[in-house]
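Following: one structure in structure tokens, then a few remarks.
The values are calculated or read from the model by the stated rules, or taken from the named source; none is laboratory data. None of these values were measured; they are calculated from a predicted model. So basically every Cβ, Gly included, is an ideal-geometry build from the backbone, and we count neighbours across all protein chains shown.
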Amino acid sequence: MEKSKVVLAVCENYDEEKVYTAVRDAVATLGGIERFVGSEENILVKPNLLYPSKEEKCITTNPAVIKAVLRLLSEAGCAHVKVGDSPANGSCRQAMNKLGLSEDQLYGAKIADMSHEVLIEYPEGKAAKSFWFCEEVAQADAIIGVCKMKTHAFLKITGAVKNMYGLICGSRKARGHVSYPNAAIFSEMLVDIHRLVKPRLHVMDAVVAMEGNGPGSGTPTDMGLIIVSADPVAIDTVFARLVDLDPVLVPTNTHGMVAGIGTCKESGIELELLDDGVIADISFDEMFARFGKKDFDVHRGKDKFSMLGLLSKITGRFTRRPYIDADKCVKCGVCVNHCPVEGRAVTFKNGKDNIPVYDYGKCIRCFCCQELCPQHAIKVK
């Protein structure tokens, strides 16, 4: 069986020419951009734009990486390119503008609106039989993911597989956590998205990653890499190994492999290192020895299932849960407004002059509140 190839390109900072060279050469190692898209196709480039944020916060895909992918497509003669995400808060254009990106910088690509939805049926889905996608998804012939290396309170990490959740329109993403309330079924739904839209290529911004309280409130940490693959599970497996996380503990990896969208078996992944224009094979152990971070702050515990998992749901004990740092909270209400649970699991129970209060009996541990808090006041314990 043919192995999934993952290319790691050394890129120590966000100098635009260095980033472009790393992306261009990594994609060339996989056969060139022409292997993945045609010049006359409608192409949607999907970065991670969690919410409008400045690039130094490391919450979004860095603009230099977005521009590198768009430049590569432009130089290949691709004339019908849009770039966009459906942020959890704010609009796609607001998120792009916050990164300093306007259309005159995008090599002919257009900023997608990503605010109008269309229902796409998927009877073959295991967890989901239909999706309310942004209409640009239905219009696209090809999708390229440009994800960010970050931790994630719900899924441990967010990389290539999770990035495609942003194809779902607006607030329906938050409501999805009610329909898919645990990491296993949520991961199956993400895998269904991949099986339906079949992204052609994934580029991971791992120049500076986010560790700790991700995906929106963590700490930037240097990794110095651009990682490229056509296999979303393989690229996320490389991510996991780089941060000393067992790849099989990442539910999107295991469910993705079972569904056939990629592999998390190291024996099924071929690694190539691109350093200063030189390509060389590299093993997982060699990769970790040079680039890995054993002290990377990521949740490495096993998810609790069976009777303990059931007891956790009933009592609220034993499971990780969000809490509010009173010293950081400004009582803005973003957590309250974005809680997807009917009747809200976090409310201004004691009035808006006091910090919101959780009802852990209602809380489904989707961590939408933690993900979207603009003050980074919500943590998980």
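The set of residues from region 89-130 being modelled with pLDDT under 95 and at positive phi comprises just one member, G90.
For region 321-343, the tally of residues that are of a type in the set (D, E, K, R) and either modelled with pLDDT of 95 or more or touching a Ser or Thr at 6+ places or on another chain (Cβ under 8 Å) (or both) stands at 4. If you go through region 1-31 and keep only what is more than 24 Å from the chain's Cα centre (by Cα), at pLDDT 95 or above and outside any helix (DSSP H, G or I), you end up with just G31.
The C-beta contact set for region 225-244 (first residue touching a residue at least 40 places away in the same chain (Cβ under 8 Å) and surrounded by fewer than 24 Cβ atoms within 10 Å (Cβ to Cβ), second residue of a type outside the set (A, V, I, L, M, F, W, C) and assigned to a helix (DSSP H, G or I), distance under 8 angstrom, 6+ apart or interchain) comprises A240/P247; A240/N253; R241/P247; R241/E266. The helices (runs of 4 or more DSSP H) found entirely in region 131-220 that carry 3 or more residues being buried (at least 24 other Cβ atoms within 10 Å of the Cβ) and modelled with pLDDT of 95 or more are 160-163, 183-197. Return yes or no: is L44 over 28 Å from N213 (Cβ atoms), within 18 Å of the chain's Cα centre (by Cα) and touching a residue at least 40 places away in the same chain (Cβ under 8 Å)? So L44 passes the test.
Within the bounds of region 7-18, is there any residue that is in contact with a Gly (Cβ under 7 Å, 6 or more places away or on another chain), farther than 27 Å from G216 by Cβ and touching a residue at least 40 places away in the same chain (Cβ under 8 Å)? Yes, because at least one residue in region 7-18 is in contact with a Gly (Cβ under 7 Å, 6 or more places away or on another chain), farther than 27 Å from G216 by Cβ and touching a residue at least 40 places away in the same chain (Cβ under 8 Å).
K126 meets all of the listed conditions (1) crowded, with 24+ Cβ neighbours inside 10 Å; (2) not in a helix (DSSP H, G or I) but one, namely (1).
If you go through region 106-158 and keep only what is in contact with a His (Cβ under 6 Å, 6 or more places away or on another chain) and farther than 17 Å from K46 by Cα, you end up with just K156.
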